[in-house]
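The values are calculated or read from the model by the stated rules, or taken from the named source; none is laboratory data. Model, not experiment: these values are computed from the prediction. For neighbour counting, all protein chains shown are included, and Cβ atoms are generated from backbone atoms with ideal geometry for every residue, glycine included. Surface areas here come from the heavy atoms of the whole protein model, side chains and all, with no ligands, DNA or RNA. Shrake-Rupley method; radii C 1.70, N 1.55, O 1.52, S 1.80 Å.
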Amino acid sequence: MAHPAAPRPTLPDATVPPAPRPARRRPLLHPGGLLLGTALGALAMTPSLIPRTGFVQGLVCGVMLAAGYFVGVVLGLLVRPLVRRTGRRLNGAAWVLLTVVVLVVWAVAGFLGFRWQADQAGLLGVAAPRAIDWLLAFPVALGVLVVLLLLVRGVRALPRWPRRVVGVAVVLVVVLPGISLAGVPGVNPARSVLDRAFTAQNEGVFGGATQPADPLRSGSPASLVSWESLGRGGRTFVTTTPSPADLARASGHPALDPIRVYVGLGASADARERAQLAVRELARTGAFSRPVIGVVTSTGTGFADAEAVNALELAWGGDTALVSSQYSLLPSGLSFLLDGDRVREAGTTMFDAVRAAVDALPPGSPRPQVVVFGESLGSLGSQAAFPTVEAVRSRADGALWNGPPNSSDLWHGLVARRDPGGPEIRPVVEGGRTVRFGGGSATPLLTTTPPAPWPDPRAVYLQHPSDPVVWWSWDLLWSRSDWLAQPRGEDVLPSVRWYPLVTFWQLAMDMIRAQTVPFGHGHNYGPESLDAWMDVVPPPGWTPADTARVHAVQQVPDPTR
């Protein structure tokens with residue numbers, strides 16, 4: 001009996017694809033990005049120079065969190081081939097551990113940050129943040145990261161051509177400001193766009209200023225420059241002189257009408273033409289017969305610190321002439337980044353023109369003392385007229401520079417070659433022969449610190465240890481400045497440290513709020529300018545009692561004005 005043939009084994013159908021493996025769900029956040037972002041965000045909780053509110057702290061931490069996250073993602077892409085070869089991925093337990101670590105780090109950093117901000121607020125004499133306000137830092141920081149992540153992922157989800165258009169737009173947004181910040185002469189595309197955007201703002205007035213009738217003011221009917229051409233800052237400059245009563249009370253003798261000359265961009269777009277027109281205005285007003293001419297380099301849109309320039313007029317009883325000009329339409333923050341060439345040109349051309357006019361006075365005739373002043377960006381421009389301290393000695397009769405930006409060439413050179421052993425926040429140069437550095441509690445001590453003769457001409461830098469305008473620099477991205485390696489100043493916490501990228505960003509945000517703290521701190525110099533002026537160019541026979549009298553007038557000005 002024949003056995004039936006064994007069934008032949010069936011072969012798999014080659015046309016039938018194998019069942020797909022279940023897709024591995026991608027995590028919502030990248031682990032490397034989360035770790036590095038948490039590290040940078042937590043470091044951003046450390047103190048800097050200006051106390052921060054919860055909202056501002058959230059912005060500071062949020063940008064650092066996002067920066068660290070994206071750097072972590074890029075590093076993860078670089079090591080992805082190695083991870084694939086090992087076949088290892090984070091499992092559920094590892095993600096739980098990572099989450100716990102992140103939450104603990106943020107909790108500790110937030111608690112310490114709150115303590116640091118309270119200590120810093122007390123040091124600068126401002127209100128400490130409340131705990132409920134401080135907690136706002138966490139959702140704000142998270143919100144910054146989420147918004148940036150959604151933007152990036154939204155762009156990646158676009159079809160090819162829209163994605164390329166967005167890429168080109170991003171490149172332009174990055175490249176144009178980059179070219180502008182590079183400082184190439186005559187090439188500043190971002191500034192050209194912004195100039196047009198801020199033109200309308202230049203047409204307004206500040207504080208209800210009206211055209212002066214006084215012929216000793218630019219913009220008056222007798223002036224060579226029109227009221228309309230002065231710009232917003234110029235109209236403020238010529239209309240904010242101290243009252244005759246305050247001038248008399250402060251100086252202790254009958255007052256004269258102070259001279260104020262100003263030339264705006266509306267008169268000429270050329271810096272040399274503006275300087276020559278200003279000299280003609282000085283001659284028209286009789287400024288060259290006054291004992292002091294102050295060449296003031298303005299900031300940003302043309303404003304000059306009123307308290308500093310008024311102090312000189314108060315001490316001299318109005319027997320002064322002040323001259324300034326406009327070089328930009330941009331607000332101070334943008335001007336700080338984009339107007340380095342224009343402010344240097346404005347400061348140099350104006351001083352050179354006034355100096356040449358004084359030097360050309362007939363032999364034997366009285367010659368006014370020519371002093372210079374600038375604050376913040378104006379300080380940078382004013383210093384540009386003097387490549388060396390020898391130029392200050394030979395060409396100027398005195399100088400006062402408040403809150404000089406770190407990029408100021410003269411300041412930077414003097415600080416770099418300070419006498420051995422001197423701290424960067426309060427350097428001594430050539431034994432204090434010409435230039436001295438004050439600010440805060442050190443300002444009234446300039447004539448005795450250092451204890452050496454201080455012949456004329458004298459130059460003073462006022463710089464607070466807590467002024468971020470003075471201490472912020474691009475170098476903070478990758479290197480520690482000397483002031484962060486030395487004992488901190490009297491209004492800076494000892495716990496302030498340098499961290500790559502983080503400190504740079506902290507001080508950049510500090511600059512925005514540098515004038516929100518009381519006088520004597522941050523970028524707020526106020527009454528200190530009077531003390532410095534009286535060291536630089538005091539009236540004959542001036543005494544400390546006279547300075548105290550002017551301070552009293554500054555604190556209680558004429559109520560009828």
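The table below gives the values:
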{"quantity": "Residue within segment 331-347 that is open to solvent by 10 Å² or more (accessible area, probe 1.4 Å) and over 27 Å from the mean Cα position of the chain (by Cα) present", "calculated": "no"}
{"quantity": "Number of the exception - T240 against (1) modelled with pLDDT of 95 or more; (2) under 27 Å from the mean Cα position of the chain (by Cα); (3) closer than 30 Å to G541 by Cβ", "calculated": "(1)"}
{"quantity": "Restricting segment 257-277 to residues that are open to solvent by 20 Å² or more (accessible area, probe 1.4 Å) and modelled with pLDDT of 95 or more, the residue that is nearest to the chain's Cα centre (by Cα)", "calculated": "R272"}
{"quantity": "Number of the condition not met by G541 [criteria: (1) assigned to a helix (DSSP H, G or I); (2) open to solvent by 40 Å² or more (accessible area, probe 1.4 Å)]", "calculated": "(1)"}
{"quantity": "Filtered residue count, segment 132-143, keeping only those that are part of a helix (DSSP H, G or I) and open to solvent by 60 Å² or more (accessible area, probe 1.4 Å)", "calculated": "5"}
{"quantity": "Condition met for R393 (charged (D, E, K, R), open to solvent by 10 Å² or more (accessible area, probe 1.4 Å) and in contact with a helix residue (DSSP H, G or I) (Cβ under 6 Å, 6 or more places away or on another chain))", "calculated": "no"}
{"quantity": "Residues within segment 388-447 that are in a helix (DSSP H, G or I) and of a type in the set (S, T, N, Q), tallied", "calculated": "3"}
{"quantity": "In segment 398-438, the residues that are under 19 Å from T348 (Cα atoms) and open to solvent by 50 Å² or more (accessible area, probe 1.4 Å)", "calculated": "S407, D409, H412"}
{"quantity": "Enumeration of residues in segment 217-237 that are open to solvent by less than 50 Å² (accessible area, probe 1.4 Å) and either touching a Gly at 6+ places or on another chain (Cβ under 8 Å) or at pLDDT below 90 (or both)", "calculated": "S218, G219, V225, W227, S229, L230, G231, G233, G234, R235, T236, F237"}
{"quantity": "Close pairs from segment 471-490: first open to solvent by 60 Å² or more (accessible area, probe 1.4 Å), partner at pLDDT 95 or above and of a type in the set (F, W, Y), Cβ under 6 Å, at least 6 apart", "calculated": "R480/W498"}
{"quantity": "Enumeration of residues in segment 328-344 that are part of a helix (DSSP H, G or I) and either modelled with pLDDT under 85 or at positive phi (or both)", "calculated": "S332, G333, L334, S335, F336, L337, L338, G340, D341"}
{"quantity": "Qualifying residue in segment 152-163 (condition: farther than 30 Å from R342 by Cβ, at pLDDT below 70, part of a helix (DSSP H, G or I) and not hydrophobic (A, V, I, L, M, F, W, C))", "calculated": "yes"}
{"quantity": "Residue match in segment 447-455 (condition: at pLDDT 95 or above and either buried (at least 18 other Cβ atoms within 10 Å of the Cβ) or farther than 28 Å from V354 by Cα (or both))", "calculated": "no"}
